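Here the structure is laid out as structure tokens; the discussion comes afterwards.
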Amino acid sequence: MYAVHLTLTAWYTAYTRLRAVDVPALRLQRKKGPTVTSSTRREWLAPAALLTLSIVPVVAGTVRLTELAGSAPVEPENARFFATPEPAVVHIVAASVYCLLGAFQFAPGLRRRRPGWHRAAGLALIPCGIAAALSGLWMTVSYPQPPGDGPLLTGFRLMFGSAMTGSIALGFAAVRRRDIARHRAWMIRGYAIGLGAGTQALTLAPWILAFGETGELSRALLMLAGWLINLAVAEHVIRRQKSRTRRTAQRARDVRVSA
């Protein structure tokens, strides 16, 4: 339940900041210069929450890179990385950039004040996300199966890695058509899958503390729970956004009719 609560908090905070637009305040700020207000501080809660959720996978990846760059002993758990390190390096670097940089896309004020930065960051995130997903798929198929994994978890990794690749590709295609709503929805889904490792740390930790090491089935199901929690929250965010957009459009039509 703690994992669900923390993930819901992070994603809901991201949603509320994503849809919070204070146009009069922004105009006043442009006239008077930059000021730090409570709304400015609140808009950074979303990136902060998502960055917090990224800490565990980023730190774990950094430790792995340090092992590969140094003279760490080769053991059954890491032998596959030493045998073919290139895919692991690509995956760790690309996924870290994707999770960390992607969190700032949920800061609405940053997108409004610096639209060029938002587009440039998006152009960097697309290849990073694709590289992270494809390298993860390559490792799933080509590396020897690590101890504790099984065919069920392998299937889950192939499914969600493919879904992440497809979500990013569809999001890119949507923005090329200037379909911003679909672009945002697909990119949120892709980011939710990419951030699954952060939530999986929270779903696995209570089990390990309570029952010890996971078995193949329990590990696969707990990993699945991390992806599903993120996707469920992402779909909630997307549906709420669509509902709010429809209400805004309806109010605009009512105003035009009354005028």
With R₀ set to 45 angstrom, the calculated FRET efficiency between the beta-carbons of Ala173 and Ser71, to the nearest 0.05, is 0.50
Between the modelled labels at Leu152 and Arg119 (7 Å from Cα along Cα→Cβ) the distance in nm is 4.8 nm
For the pair Arg112 and Val93, the simple spin-label estimate (label points 7 Å beyond Cα toward Cβ) gives in nm 3.7 nm
In nm, the gap between the two label points placed 7 Å beyond Cα toward Cβ at Ser162 and Arg246 is 3.1 nm
Once Glu235 and Ser142 are pulled to full extension, the length gained, defined as 0.36 nm per residue separation minus their Cα-Cα distance, is 30.3 nm
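Every number in this text was worked out from the coordinates using simple rules, so none of it is lab data. Computed from a predicted structure; not experimentally measured. With ideal geometry, Cβ positions are generated from the backbone for all residues, glycine too; neighbour counts draw on all protein chains shown.
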